[in-house]
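Have a look at the structure below, then the notes.
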Amino acid sequence: MRAEIVSVGTEILLGEITDTNSSYLARQLPSLGIDLYWISQVGDNQSRLVEVLKRAWQRSDLVLTSGGLGPTEDDITREAIAEVLGEKIGVDPSLEQGLRERFSQWHMAMPLSNLKQATIIPSAKPIPNTRGTAPGWWVSRDDRIIVAMPGPPAELQEMWQREVRPALQQMSEAIILSRVFKTSGLSEAAVGEMVAPLLSSSNPTLAVYSKADGIQLRLTAKAASQKQAEQVIAEGEIRVRELLDRYIWGTDDDTLETAAGRLLIEKGLTLSVIEDYSGGWLAASITDIPQSPVFFRGGLVACSDQAKIALGVDEAIISRYGAVSPEMAQSMAEVARELLKSDIAISTTGLLENENEPAGVTYIGISDGENSRAIRRSRGKRRVTTTALLELRRLLTSSN
């Protein structure tokens, strides 16, 4: 089955929002055995959308659209699909009743414009939307399918998981499974050389690519059944781990935060952070973990010299080494560990410009009570946060 994704919305073309729906759907299709060939983005213009949909209808078995199902005049996905298929669009009484009941539950009068969301064509079936007022469309004709879904990611993802994916699963003739291995401590070229014997395999296939949190490998298997695909993945994973196991810190949806948090919990250790340059990014990423209260003592943000001194940093360190220095990073980490009574502490310090350092240099400090050290890093709050978490994990695994 050849698939195509069409994202609708002028705000995408203007760069006002990021098209996360396309990437989400693209990740979902392989496990259904569906090959994605094209992704298109088009603004809220009916003639251009019709042009894109006609091309998609001609060359793809499955067309997935997102956006353009709202109640306003520029929400024209329904009208465009109707024009492409040459069918008349009209209000469906049951959809209208459902909309009016929903607005009644909200103790609101339904605006007349919302009737657009109760329209449908003969070839379409409505797809329930439990998170919004815009039902989707499942259009089936001429051995092709168009699935129109709403633009808000929460609505699209709920509709996909509850309604669309199960229906497509029943139609799929093949199963494609993937396993992602996340590594650190190696360059992309080094990883490629180490797994070179596996790269020529046709099933499972192995791809190597670089991400912000390290080099990742995607192992993909295709089979006639779920059980067979799982077996191919399991056999491939054995070979990958034989070559790279000591460098693999996580798989699939694992994040550095969850990987480090899991190790802290397993070891019964606690963590605190103190941030200058990253301004709270590190603490925010750690507290995204539901289990963070078990190990995270808290975070401090100290952007000025006065704040650092007030928290306990020796003024002599600032005057002698400067606010952006390895010594400052180490001292900040030690202060946070003592102040918040944690086993380990991490610090970040840096400036976009500094008279003694090139623009953008930052330092990450880490202290466990016995040792403290600092790591130099180029600018970028996300990069600094990622490096800090990698260093934390490296410390935790080295103490095994």
Phi angles of the range 184-191, converted by Karplus (6.51 cos²θ - 1.76 cosθ + 1.60, θ = phi - 60°) into ³J(HN,Hα) in whole Hz with x for Gly and Pro, give 9, x, 9, 7, 4, 5, 5, 4
Percent of all Cα-Cα pairs per 10 Å bin for the range 256-398, counting from 0 up to the last occupied bin, reads 13, 48, 31, 7, 0
Listed by chain and number, the residues whose amide H is under 5 Å from that of ASP92, excluding neighbours fewer than 5 places away on the same chain and using placed H, are THR119, ILE120
Note on the chain: contact order normalised by length, alpha-carbon pairs under 8 Å, 6 or more apart, percent, works out to 10 percent
Residues ILE274, ILE318 in order from fewest to most other beta-carbon atoms within 10 Å are ILE318, ILE274
Expressed to one decimal in nm², the mean projection of the alpha carbon convex hull of the range 206-326 is 10.7 nm²
The chain: longest segment with zero exposed GluC sites (Glu not before Pro), where exposed means DSSP loop plus at most 16 other C-beta atoms within 10 Å, is residues 174-352
If unit charges are put on Cβ atoms (+1 for Lys and Arg, -1 for Asp and Glu) and the dipole of the chain is taken about its Cα centre, the option from VAL384, SER331, PHE181 lying farthest towards the positive end turns out to be PHE181
Note to self, the chain gives a 222 nm [θ] from helices alone (DSSP H runs n ≥ 4, -39500 (n - 2.57) apiece, / all residues, nearest 500) of -11500 deg cm²/dmol
Diffing the range 161-171: the Karplus 3J(HN,Hα) column from phi (6.51, -1.76, 1.60, θ = phi - 60°), in whole Hz with x for Gly and Pro, holds 5, 7, 10, 6, 4, x, 5, 5, 4, 5, 8
If one compares the long axis through the Cα atoms of helix 46-59 with the longest principal axis of the Cα atoms of the chain, the angle in degrees, nearest 10, works out at 90 degrees
Nearest-0.05 FRET efficiency for ARG394 and ALA109 at R0 = 45 Å, using Cβ-Cβ distance, is 0.15
Counting all Cα-Cα pairs in the chain, those more than 29 Å apart amount in percent to 59 percent
Put in order of increasing Cβ neighbours within 10 Å, starting from the fewest, ASP276, ASP343 give ASP343, ASP276
Between the alpha carbon centres of the range 197-241 and the range 274-309 the gap in Å comes to 37 Å
Going residue by residue through the range 142-159, the Karplus relation 6.51 cos²θ - 1.76 cosθ + 1.60 with θ = phi - 60° gives ³J(HN,Hα) values, rounded to whole Hz and with x marking Gly or Pro, of 6, 6, 10, 9, 10, 10, 9, 10, x, x, x, x, 5, 5, 4, 5, 5, 5
Exposure proxy check on THR270, THR386, THR77, THR362: fewest-to-most Cβ neighbours within 10 Å is THR270, THR386, THR362, THR77
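Read-outs: derived from the displayed coordinates by stated rules, not from any lab. These numbers come from a predicted model, not from an experiment. Backbone-built Cβ (ideal geometry, glycine too); neighbour counts: all protein chains shown.
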